[in-house]
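In what follows, a single structure is set out as structure tokens and then discussed.
The values are calculated or read from the model by the stated rules, or taken from the named source; none is laboratory data. The model shown is predicted, which means the values in this text are computed figures rather than measured ones. Cβ: placed from backbone, ideal geometry, glycine included. Neighbour counts: every protein chain shown.
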Amino acid sequence: MSAHAQYTPGPASGAQVQKREGEKWTLILVRELRHSPEKVWQALTDPEHLREWAPFDVSGSLDQVGATVKLTWVGNPRPIDTKVTRVEAPRVLEYGDIRWELEPTVGGTRLTLWTDIDRRFITWGAAGWHISFDVLDRLLAGQPFGRLAGGDATKMSAWQRLVAEYGEQFGVKPPNWPGQPPQK
């Protein structure tokens, strides 16, 4: 049995949304990791590390302010030119619509993600990042089992469960995924 088949994410937690006027809302997701900020920072900035856990690939390192990289989301072959706008290693990283903050804790690092997502798909984003953070935690612990994003993640019943749980927490009705009957 593959590592992906054995994986089951825990319940939806550590997330909130900032609702705004317009199409985009901000998803804020917090995860406690048992790894140093320096180790987490490398996983956030190095393209090889990102390829192991993040829902996108980048064409270069994200550790230089002003750098422009091509960011390619899993399942979307069209790269997006993305500018790195803030780097305060190993505490704050911003590029495109994404901001990371790392705070040292007694047991490791509190990682906080802020990302702008179309409000119609905020629950999908929360579920996807939840899974990506689980993959990141295992990668940093030396137990990698490979990226689980895009279509691979959405096929999991656990992803669908997370979408529903985050929808309840956020007070929004999740969109239907392919093959699902319309929600009432």
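Annotation note: Cβ proximity below 8 Å between a residue of segment 125-145 that is among the acidic types (Asp, Glu) and a residue that is in a helix (DSSP H, G or I) (sequence gap 6+ or interchain) occurs for no pair. Of the set (1) assigned to a helix (DSSP H, G or I); (2) touching a strand residue (DSSP E or B) at 6+ places or on another chain (Cβ under 6 Å), all apply to Phe121 but (2). State yes or no: is His49 on the phi < 0 side of the Ramachandran plot, over 17 Å from the mean Cα position of the chain (by Cα) and either surrounded by 14 or more Cβ atoms within 10 Å (Cβ to Cβ) or not small (Gly, Ala, Ser) (or both)? No.
Scan segment 157-172 and tell me whether some residue there is out of contact with any Ser or Thr (no Cβ under 6 Å at 6 or more places or on another chain), under 15 Å from Phe56 (Cβ atoms) and aliphatic (A, V, I, L, M). Checked segment 157-172: no residue is out of contact with any Ser or Thr (no Cβ under 6 Å at 6 or more places or on another chain), under 15 Å from Phe56 (Cβ atoms) and aliphatic (A, V, I, L, M). For segment 143-157, the candidate set comprises residues that are buried (at least 17 other Cβ atoms within 10 Å of the Cβ) and of a type in the set (Gly, Ala, Ser); within that set, the residue that is nearest to the chain's Cα centre (by Cα) is Ala149. Restricting attention to segment 55-73, which residues are under 21 Å from Asp134 (Cβ atoms) and either surrounded by fewer than 18 Cβ atoms within 10 Å (Cβ to Cβ) or modelled with pLDDT under 95 (or both)? Within segment 55-73, Asp57, Trp73 meet the criteria. Within segment 164-184, the residues that satisfy the criterion of being at pLDDT 75 or above and outside any helix (DSSP H, G or I) are Gly171, Val172, Lys173, Pro174, Pro175, Asn176.
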